[in-house]
1. Which members of segment 566-583 meet the condition of being in contact (Cβ under 8 Å) with a residue 24 or more places away in the chain and either surrounded by fewer than 23 Cβ atoms within 10 Å (Cβ to Cβ) or assigned to a strand (DSSP E or B) (or both)?
2. May I ask you to list the residues in segment 460-473 that are in contact (Cβ under 8 Å) with a residue 40 or more places away in the chain and outside any loop (DSSP other than H, G, I, E, B)?
3. Any idea how many residues of segment 331-366 are in a helix (DSSP H, G or I) and free of Cβ contacts under 8 Å to residues at least 60 places away in the same chain?
4. Give the residues of segment 258-272 that are part of a helix (DSSP H, G or I) and without any contact (Cβ under 8 Å) to a residue 40 or more places away in the chain, sorted by residue number.
5. Filtering segment 359-384 down to residues that are of a type in the set (Val, Ile, Thr) and crowded, with 24+ Cβ neighbours inside 10 Å, which residue is modelled with the lowest pLDDT?
6. Could you please let me know if VAL596 is in contact with an Asp or Glu (Cβ under 7 Å, 6 or more places away or on another chain), of a type in the set (Val, Ile, Thr), more than 16 Å from VAL498 (Cβ to Cβ) and buried (at least 24 other Cβ atoms within 10 Å of the Cβ)?
7. Among the candidates GLY152, GLY118, single out the residue that is buried (at least 24 other Cβ atoms within 10 Å of the Cβ) and at pLDDT below 95.
8. Hey, among GLU369, GLU403, which residue is over 20 Å from GLN431 (Cα atoms) and acidic (Asp, Glu)?
Amino acid sequence: MSILETIHGPQDVKRLPEKDLPILAAEIRQVIINTVARNGSGHLGPSLGAVELAIALHRVFDSPRDKIIWDVGHQAYAHKLLTGRLDRFHTLRQYGGLSGYLKRSESPHDIFEAGHAGTSVGAALGFAKARDLAHEDYQVVAVIGDGAMTAGMAFEALNHAGQLGTHLIVVLNHNNMSIAPNVGALARYLARARTHSAYLRLKRSLQRQSARMPWLGKLVWHGVEKLRDTLKYLLVPGVLFEQLGFKYLGPIPGHDIPALEEVLREAGGADGPVLVHVVTEKGHGYEPAINDPERLHGASGPFDPDTGTPITNGSGRPSYSQVFGRTVTELAREDDRIVAITAAMPTGTGLKYFAEVFPDRFFDVGIAEQHAVTFAAGLAAAGRVPVVAIYSTFLQRAFDQIEHDVCLQNLHVVFSLDRAGIVGDDGETHQGLYDLAYLRVLPNMTVMAPKDGDELRDMLKTALMLSGPVAIRYPRGTVPVGLQGRRPEHIAVGRAEVLRQGTDLSIAAIGAMVYPAMEAAAQLASEGIDASVINARFVKPLDEQTLVQELSRTGAMLCVEEHTALGGFGSAVLELMARVGVAAPVRLLAVPDGIVPHGDRAIYLRQYGLDPAGIAQAARELLGQKASVPVGAAERRTV
């Protein structure tokens, strides 16, 4: 039996002799590597780098009485394995299995859920103040990566914690990476701080000397401490965190468990807020992840666990992200006003191509979506044409900046929303199901969604030719059909296209639902049902003329979207029909109101009736309603 198999909770970790800890760490790493390689999904590099840190935290603190709050959850796989989930770990990020993030319903040791970076310090401060108000006595620890520390709300929380002065521990896990290499002044500051081992050597020497001199009086030792602190300010540049009101401990080697335990115990006994600066290696213990930390940050398919080499069985078609990145680079060659912005996701968004060709016109702002949008607004106001590429779920964080800084001034900023719709194994925190609703309500905003890669290219060209704010949303994964190899073309703004003319009912689809709608229409045709299929293309402005004409002509309309049923494309169509007074049944097929768990996208499309079979069935049901619903009625139904 392995050591890991004897671990059913933190108490078992505490009982292990120190000599067994490196063996436990190696076993944890092997389980993580094998699981992520087999499942083809999971955050590999970050979790491998935090194994010893997780072991030390659970040996020093008493979870769940003491609260350990992991920022994002990318680093928390070892935590899961140390808290009794080994027997279920093989289900990681699979439908019905363990979440890839922290999940309160999954374990009492998962104190706080997060899938967006920068939340842990604020949440920890909330726990700490709740403890103080209840006159309770437990430790609160936030574990945050240096990439997440670039998020503005992390600094807001640090500032507040320093002002309140309550005791909490912030563990800064510094591996020089978020997903891509970290950028900005903070990254440079921490890179300098991690090299200053001279201070640590001096500190330890003074501690050893004081232990040998028990005759030192309090006055003399006070002077030694003052000297130590003075030298610290000279040797550790800036001492930023102490200026914010934190006691700073570090930098500490993050793969040395005894050293970690020592400093964590010191932090636990301190007064007020403490920041423990831990230096780790992303992917530690696994050479493929060390050598390629960006690709193996998170797996995007199965790979050989021995070599890290992907096991490919794909279609050969490019992803939407690749089409976007190459197209915006192509268009930027023709217009030097175009600049590109991302929030720590140059590869994930496809902007790595742009960065290679136009490094002076590419800006990675770190995990700072709010700043990314306002920065883009400033560039636009100064005459540039910024393209801001951010995942749909992350752009939610900058809603006020989109409304206040871009839309109210009618500035020409192009928002490219990757990972729109159901994202699969990333789960609840990453589902891009709300963008149509939160964008179409904004003044001056144009919102569109392509049916395939060529239409994405056309929409980018169109967006760059407009004069106000524009958003294009597209899904994760490969484009549904191959590219035609033509140059991108301008699309008439607010114009849909009728892909199939029918007589019995109209199916109006948007974005990724267009091709499934076409397949559904083919199924229906084999049954003698003649359905029109409309590629809506625009959610704002709607092609009101085409939609009204189609509904009036066929007498029934099914609106299909991979988006929440509340406030999206179908809602816009229903609002239109109510306003113009078209009397015919309209049915909405969308993701129902609620939280969509992690799991394969195809499972949820089938479950919600958003696959071809489900769309065809909804059309059959609508035809029955068309025959029975009184004139003047309109129905809104979510499946």
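The values are calculated or read from the model by the stated rules, or taken from the named source; none is laboratory data. Remember, it's a predicted structure, so these values are computed and weren't measured experimentally. When we count neighbours, we look across all protein chains shown, and the Cβ atoms used for this are built from the backbone with ideal geometry, even at glycine.
1. In the first step, residues of segment 566-583 are kept if they are in contact (Cβ under 8 Å) with a residue 24 or more places away in the chain; the result is 566-574, 576-578, 580, 582-583.
Within segment 566-583, LEU566, GLY567, SER571, LEU574, LEU576, MET577, ALA578, VAL580, VAL582, ALA583 meet the criteria.
2. Applying the first criterion (in contact (Cβ under 8 Å) with a residue 40 or more places away in the chain) to segment 460-473 yields 460-461, 463-464, 466-473.
Listed by number, the residues that qualify are LEU460, LYS461, ALA463, LEU464, VAL470, ALA471, ILE472, ARG473.
3. First, pick out the residues of segment 331-366 that are in a helix (DSSP H, G or I): 331-332, 352-357, 359-361.
Pick out the ones that are also free of Cβ contacts under 8 Å to residues at least 60 places away in the same chain and you get 332, 352-357, 359-361.
Summing the residues that are in a helix (DSSP H, G or I) and free of Cβ contacts under 8 Å to residues at least 60 places away in the same chain in segment 331-366 gives 10.
4. To start, the set of residues in segment 258-272 that are part of a helix (DSSP H, G or I) comprises 258-268.
Within segment 258-272, ALA259, GLU262, VAL263, GLU266 qualify.
5. We begin by selecting, within segment 359-384, every residue of a type in the set (Val, Ile, Thr); these are 365, 367, 373-374.
Narrowing the set further to residues that are crowded, with 24+ Cβ neighbours inside 10 Å leaves 367, 373.
Values: ILE367: 92, VAL373: 98.
Only one residue fits best here, namely ILE367.
6. On the way: in contact with an Asp or Glu (Cβ under 7 Å, 6 or more places away or on another chain): yes; of a type in the set (Val, Ile, Thr): yes; more than 16 Å from VAL498 (Cβ to Cβ): yes; buried (at least 24 other Cβ atoms within 10 Å of the Cβ): no.
No, not satisfied.
7. On the way: GLY152 fails: buried (at least 24 other Cβ atoms within 10 Å of the Cβ).
The conditions single out GLY118.
8. Exactly one of GLU369, GLU403 is over 20 Å from GLN431 (Cα atoms) and acidic (Asp, Glu), namely GLU403.
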